[in-house]
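Structure first, then comments.
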Amino acid sequence: MIEFKNVSVAFQQGEEHVDAVRKVSLSVGEGSIYGIVGGSGAGKSTLLRTINGLQPATDGEVIVGGQSVSSLGRRELRTLRSNIGMIFQHFNLAESKTVCQNISFMLEAAGWEKSKIDARITELLEYVNISDKRDAYPGRLSGGQKQRVAIARALANHTKILLCDEPTSALDAETTASVLELLKKVNRDFGVTIVIITHELDVVKSICDEVAVMNHGEVVESGPVYDVFTQPKSDFTRQLIAHTQNYKIPEEVWETITGKVLKIVYQGNSAVEPVLSDTSSKYRVGYNILHGKIEYIASQPTGVLYVNLIGAPEDIDAAEDELRTRVAELEVIHHVF
């Protein structure tokens, strides 16, 4: 559906030459949800805007639906854009227009017959669950409601591609979850291809099929979300993941610990099996979970636990050997008898 072939974007910012995107090659499958993640200034938004031609590529080729974006004339580019919706961090709604008028404006611009616009708006507002806000102005809406209007507007012309630029950055955690569920529903119900730009790893983990990690304009790693976040290959990706995890154990806790402390990495079935309790019973050792969590990425479990094993040294050693055979990774990080 979308392919980047060795795409670069450069421009002048005052007297400075900026290489915003550097030689990016990626493929986004039709009907998939694709995340592009990285820090501020990584080039994510610039790359996103090359898809609908709002930002021309300096070099390389962006292909959308089999068409090279750079080769399209004005009329063909308008047709392409009519099939691509966009939603933004700050919603980009016209404050002087009602919810109905915001969506109507998009349909009118797309050439819809006036007799069909009202029914389409009703359908869209029911779908995003804000029918009662039809005549409200954006200033009267919550952040989540505004983003639902923006999604309805973006889908209005039976969009085939939805580009999302930091769509949840201005929302609280609960509202973020509801908006992401709506986007998943859109993808599932209509087969819309969704590309999401974000700096929030939790957004990518919860909704995306594949992800590209960008740093200084380059893609440093890409692939299925589960693979990238459980087995990162680049140092930058590992650092990015580490910054979202806080497994610091207070010094006063360390002072009371005897036995061994293990860092255990779970992936796949081992993350939901009673590995610790089985091993504890078998080798007569106690265990105390000091820190960590199990989470689901692309519906697959993974996690890290810091576990204190307590008991006779020979039993602890035997339990450690058993655990190594049942988990993805195990590291002894503390050892006091």
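The values are calculated or read from the model by the stated rules, or taken from the named source; none is laboratory data. What you see is a predicted model; the values in this text were computed from it and never measured. Methodologically, a virtual Cβ is constructed for each residue, glycine included, from the backbone with ideal geometry; neighbour enumeration extends over all protein chains shown. Each accessible area value is taken on the protein alone, full model and side chains, heavy atoms only, with ligands, DNA and RNA left out. Shrake-Rupley method; radii C 1.70, N 1.55, O 1.52, S 1.80 Å.
Any idea which residue in the stretch 256-311 is surrounded by the fewest Cβ atoms within 10 Å (Cβ to Cβ), counting only those that are free of Cβ contacts under 8 Å to residues at least 60 places away in the same chain and of a type in the set (D, E, K, R)?
Out of the qualifying residues, it is Lys293.
Any residue in the stretch 1-24 that's on the phi < 0 side of the Ramachandran plot: show its pairings with residues that are among the basic types (Lys, Arg) and part of a strand (DSSP E or B) at Cβ separation under 6 Å, as long as the two are six or more apart or on different chains.
Ser8/Arg22; Ser8/Lys23
Being open to solvent by 10 Å² or more (accessible area, probe 1.4 Å) and over 25 Å from Ala173 (Cβ atoms): is that true of Phe229 here?
Here the answer is no, as Phe229 does not meet what is asked.
From the list Lys205, Lys184, Lys146, exactly one residue is basic (Lys, Arg), crowded, with 18+ Cβ neighbours inside 10 Å, under 14 Å from the mean Cα position of the chain (by Cα) and not in a strand (DSSP E or B). Which is it?
One residue alone meets the criteria, Lys205.
With Gly31, Gly35 as the choices, which residue is in contact (Cβ under 8 Å) with a residue 60 or more places away in the chain, open to solvent by 20 Å² or more (accessible area, probe 1.4 Å), under 26 Å from Lys184 (Cβ atoms) and not in a helix (DSSP H, G or I)?
Values: Gly35 fails: open to solvent by 20 Å² or more (accessible area, probe 1.4 Å).
Within the list Gly31, Gly35, the selection yields Gly31.
Would you mind finding the one in Thr193, Thr175 that is β-branched (Val, Ile, Thr), touching a residue at least 12 places away in the same chain (Cβ under 8 Å) and either over 21 Å from Glu30 (Cα atoms) or open to solvent by 30 Å² or more (accessible area, probe 1.4 Å) (or both)? Walk me through it before giving the result.
Details: Thr193 fails: either over 21 Å from Glu30 (Cα atoms) or open to solvent by 30 Å² or more (accessible area, probe 1.4 Å) (or both).
Result of the check over Thr193, Thr175: Thr175.
Restricting the search to the stretch 156-172, which residues are open to solvent by less than 10 Å² (accessible area, probe 1.4 Å), of a type in the set (A, V, I, L, M) and closer than 22 Å to Ser131 by Cβ?
Ala156, Leu162
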